[in-house]
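Have a look at the structure below before the remarks.
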Amino acid sequence: MSPTVQVERKHAAEFSWPPQGVTRAPYRLFTDPEIYKLEQERIFRGKTWNFLCLDIEIQNVGDYRTTTVGETPVIVTRGHEGKVHAMVNRCAHKGALVCLKKKDNVASLSCVYHAWNYELDGRLKGVAFRNGVRGHGGMPEDFDPKQHRLRPLRVESFCGMIFGTFADEIEDVETYLGPEMASFIKRNLGRPLRILGTHSQMIHNNWKLYAENLRDSYHATLLHTFYTTFKVNRLDMDGGITLSERKWHHLSFARRAKMQEAAEYADAKVHSANYESALDGPGLLEAWEEFDDGITHSIQTVFPNMCIQFTLNSLAIRFFAPRGVDQTELFWIYLGYERDTDEQSRMRVMQSNLTGAAGLVSLEDGCINEFVQRGTRADPDQSSFMEMGGREVESERNSRATETAVRGFWYGYRNIMGF
């Protein structure tokens, strides 16, 4: 074990979680650089499956897509015979990035620095001047290209999504998700997909604050005034929270047609509940019924860093990557189905304005977690308080006025981090 890892693990061993368990999250988790380093090792390079890209983003032989697993740069390729490969985007020679574009189609992968060339599966194909020039220089006779490939990741495809892992021993993706989570993903993504648009944004907070935010059904009806004003997503709609067996994945769902206005909105003085507002474009909120379960809004997370959302008829994938202890890059992929009519595609594109960096709903999420980052920085030994809905970490089938999914995230986080 390297001295650096020993120091990091000693640092982690000294870390003490509050006795109240997952109803508390120490603020130190959002600012401590040593804990952040350990997360790269134990979570992103540990026994987790990480979303890499969509299958349709690399449809043809030679297509590649660059992404990251934690802070590790990764290339995903469509190799010969249609097989998908993933590997660390780092030349085996000097460590430079090999692929510099977000996506491209190439015959092979070539490092611009010294022109080391790799097959689409990451095997070293050629080294410039391997035999020297005019009989001088070059690599030693015992140089073996087989020992100098791009580091591979294990990959699997599930419902059109490509996942990767550094772990040698881990269950398949569907088992990792669990039956209830996998079933609902099949509901949303289990048919040929079409990409309608993408964008990304930088948010100035630790990645775990965004992971919490996605699981926090309590804030949605308070922070997002558009949701409540126009009855898109409210806590007095029929709905609930489902946790996976390991607690770290979750599904929050609501049925707009089964809303019964609750007196608690007035009692709590929810600021958007009593607005008399109208839209110039009311078609934004029109929707057709796609599924027979009546669910019109869902947020589903997959640990550590992805989400599948369905609001009215807007379908999207969000995934986010740590860019330092206090910065996170958030990516959005808006989707439709290959079978959609032109009118349905236009409706999905219009409803994509609800979310995203400047969305009518999620605009607030781009800054609210920075407020938490700034507010907690000075007192790392203090903790957040998460007892809405009780102290348990269990599914709640009849209410979303709970923080059970946030507690579930910390339950999974503590287990994999060893805290």
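The values are calculated or read from the model by the stated rules, or taken from the named source; none is laboratory data. Since this is a predicted model, take the numbers as computed values, not measurements. Glycine gets a Cβ as well: all are built from the backbone with ideal geometry, and neighbour counts include every protein chain shown.
Quick notes on this structure:
- Total residues in the stretch 56-72, condition surrounded by fewer than 18 Cβ atoms within 10 Å (Cβ to Cβ) and either over 16 Å from V155 (Cα atoms) or in contact with a Ser or Thr (Cβ under 7 Å, 6 or more places away or on another chain) (or both): 4
- Of S183, S217, all but one fail to be polar (S, T, N, Q), within 24 Å of V406 (Cβ to Cβ) and at pLDDT below 95; the exception is S217.
- For the residues R346, R339, R323, the requirement of being more than 20 Å from G190 (Cα to Cα), among the basic types (K, R) and touching a residue at least 24 places away in the same chain (Cβ under 8 Å) singles out R323.
- Between L209, L153, the distinction of being assigned to a strand (DSSP E or B), out of contact with any Pro (no Cβ under 6 Å at 6 or more places or on another chain), of a type in the set (A, V, I, L, M, F, W, C) and in contact (Cβ under 8 Å) with a residue 12 or more places away in the chain belongs to L153 only.
- Flag for E171 being more than 30 Å from D32 (Cα to Cα), assigned to a loop (DSSP other than H, G, I, E, B) and either touching a Ser or Thr at 6+ places or on another chain (Cβ under 9 Å) or acidic (D, E) (or both): yes
Matching residues to (1) modelled with pLDDT of 95 or more; (2) under 22 Å from E364 (Cα atoms); (3) part of a loop (DSSP other than H, G, I, E, B):
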position: V232; (1), (2), (3): no, yes, yes
position: L235; (1), (2), (3): no, yes, yes
position: K247; (1), (2), (3): yes, no, yes
position: S252; (1), (2), (3): yes, yes, no
position: E264; (1), (2), (3): no, no, no
position: K269; (1), (2), (3): no, yes, yes
position: S272; (1), (2), (3): no, yes, yes
position: E276; (1), (2), (3): no, yes, yes
position: D292; (1), (2), (3): no, no, yes
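- Residue within the stretch 176-186 that is part of a strand (DSSP E or B), in the same structural domain as G294 (by TED's automatic domain parsing) and closer than 30 Å to E289 by Cα present: no
- The residues of the stretch 1-59 that are under 21 Å from Q327 (Cβ atoms) and at pLDDT below 95 amount to a single one, E8.
- Restricting the first member to the stretch 243-255 and to residues that are under 11 Å from S395 (Cα atoms), and the second to residues that are of a type in the set (D, E, K, R) and not in a strand (DSSP E or B), the beta-carbon pairs closer than 7 Å and six or more apart or on different chains are L243/E394; S244/E180; H250/R215; S252/R400.
- E387 falls short on exactly one of the conditions (1) surrounded by 15 or more Cβ atoms within 10 Å (Cβ to Cβ); (2) among the acidic types (D, E); (3) closer than 30 Å to Q260 by Cα, and that condition is (1).
- Residue match in the stretch 319-342 (condition: in a loop (DSSP other than H, G, I, E, B), over 18 Å from R194 (Cβ atoms) and either hydrophobic (A, V, I, L, M, F, W, C) or modelled with pLDDT under 95 (or both)): yes
- Residue match in the stretch 140-150 (condition: in a strand (DSSP E or B), more than 15 Å from L52 (Cβ to Cβ) and either free of Cβ contacts under 8 Å to residues at least 40 places away in the same chain or of a type in the set (D, E) (or both)): no
- The residues in the stretch 368-405 that are free of Cβ contacts under 8 Å to residues at least 12 places away in the same chain and part of a helix (DSSP H, G or I) can be counted, and the count is 3.
- Enumeration of residues in the stretch 92-104 that are in contact (Cβ under 8 Å) with a residue 40 or more places away in the chain and over 25 Å from the mean Cα position of the chain (by Cα): A92, H93
- If you check L120, L124 for being more than 30 Å from T242 (Cβ to Cβ) and in contact with a helix residue (DSSP H, G or I) (Cβ under 6 Å, 6 or more places away or on another chain), only one passes: L124.
- Which listed residue, of D121, D63, is within 25 Å of L193 (Cα to Cα) and without any contact (Cβ under 8 Å) to a residue 60 or more places away in the chain: D63
- Residue list for the stretch 313-364, restricted to those being buried (at least 21 other Cβ atoms within 10 Å of the Cβ) and either of a type in the set (D, E, K, R) or not assigned by TED's automatic domain parsing to the domain that holds T225 (or both): R318, R348
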